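> Once you've had a glance at the structure underneath, I'll fire off some questions.
Only the coordinates and a few stated rules stand behind these numbers; no lab work does. Just so it is clear, the structure is predicted and the values come from calculations on it, not from any experiment.
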Amino acid sequence: MNKKGYLNQLMLAALALLMSFSVSLKAYAADVVTVDTVRAAWLAGDSSIKLSDYYLIYNTTRSQWGSTFDCVLYMLCDSGYEGDLFIYIDEDSSPVSGNYVGMTYYNGEYKTASDAGVYTRSAWYDAANGTQYGSATGYGFGIDMQYIQPGQMDTDFRFGSTNIPLFSSLEAAKSFFDSGDTSGLINGSDCSYFDSDIETPKDFQINFSTSQIFDDKGFFNECDFQFTWKQSEDTDLNGYQTEIYIQATHCKVSITNLFGSADSREQKLGDKLLISSASTSYDNKASIKWNDLVAYLNKDGTNLFGASNAGGVCCTYPIYFWVRNVKGNTYGDWIKVTVTPDNVVVDGNDYLGTGKGTVSHGYELVDGSGNGDQKESQYGQGYHVDIPYTSTNAIIDYIKSGFGLLGDNGLIAFFKDMFSFLPDPVWTIIFTMVGVCAIIIIIKVAK
């Protein structure tokens, strides 16, 4: 394959915008356009897109409509390709040296980004005022530094930044993948890459603080999460961090009858959201409270469905947790946990304060190198949690709650809404009688 001609073809297609426009044209303040802005625009147009974390930014000067202006191009990569993505600088390119070439490394083989199935999404913005001029999609990528289209673009291409590993030459890239030599890695502080030597979290387990993680309609219930895991005693954990992500299935619900007994749902899978990052030891614990989790999920749901989902969490199963160890700019394999009603064991009673559960199934070891292949499907099977049924304090708390009668979600509140025509004095008498009964029973239990 003629590499030079191939890059020319790619850049001509992108810069001339011959491909379909996929991002709606908008105007942003110049300092508002970021990678996250571009990412959100693509996802708003098509929520089924699965974007990787990788991006490439470069600048150029464009001549069009009788004027010349500086532009910034943001390129994002979809996930799903095979191998490790990287860029190298080709000093032997002609007629201008220094082309940036996108490639992958997989199972000892080097491929162009196009041959490896790397699908990219690019968007142009005016560097001065943030106006978006268009977008393009296609397989493969690179920055061709030559003058490629008279009257459209001059030779002033300027590399911006990327978190894709960038090497000074193809030989430097091969040296890195063969032996781990980073001497030719230009942007080591800006990129991250897979390292098979990083140990995966061992015996990772998820517990939660409710006896019903999904309600009768399949919606995600309020609960806190606790995570435990271990590492091998002979592993050097210096610099290790453990990252825990959640990826939720969001719902947009529309009621289909007057009684609210039926609904239609539009479901979309959200992004991986980092909810915990902690230094790793040999015996580890981490947790997240429901209120903190809600903040992450609300933002993610709003990005998917717009303001209509901003009022509260509306998620259903499956819920995914993703866990990995990182060290510096390197990371290991994933632990993927699928949470559904069939993958959990629950015990106790939330009214008694003993409601608890464990994700007992659905743990997988997933290749962290980018292809997403399952390595082990039996990871973490057979977990269980013991519930303290006989806790006197829990029983007393239950009695103090009026045996589930009191509170905003209690039976009395339900009947009060149903029989709202009864005067307040009647309800005052009912509450007083229940309260007296509760006090008498507490005294009897305490004795």
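> Using the C-alpha gyration tensor of segment 202-376, what are the square roots of 5 times its eigenvalues, in whole angstrom, with the largest one first?
Taking √(5λ) for each eigenvalue gives 31, 19, 14 Å, largest first.
> Using alpha carbon centroids, what distance separates segment 169-232 and segment 102-140, in Å?
What the calculation gives is 25 Å, centre to centre.
> When the distances between all Cα atoms of segment 154-295 are binned every 10 Å from zero, what whole-number percent does each bin get?
9, 24, 24, 21, 14, 7, 1
> Can you run the Rg to Rh ratio on segment 100-140? Use alpha carbon positions and the Kirkwood inverse-distance Rh.
Reported Rg/Rh, Kirkwood definition of Rh: 1.20.
> Please compute the length gained on full extension between Ile57 and Arg158, using 0.36 nm multiplied by the number of residues separating them and subtracting their Cα-Cα distance.
Gain on extension, Ile57 to Arg158, equals 35.4 nm.
> Here's another thing I want to ask about it. At 0.36 nm per residue, minus the direct Cα-Cα distance, what do Asp216 and Ser94 gain on full extension? Give it in nm, one decimal, please.
37.4 nm
> Which of the pairs Lys111/Lys375; Lys327/Lys375; Lys111/Lys252; Lys50/Lys252 have their Cα atoms more than 30 Å apart in this structure?
Result: Lys111/Lys252 exceed 30 Å.
> Measuring from the lowest to the highest alpha carbon on each principal axis, how far does segment 33-142 reach, largest first, in angstroms?
Principal extents (largest minus smallest coordinate, Cα): 48, 41, 18 Å.
> If you stretched the chain out fully between Ser47 and Ser254, how much longer would it get, using 0.36 nm times the residue separation minus the C-alpha to C-alpha distance?
Extending this stretch completely gives an extra 72.6 nm.
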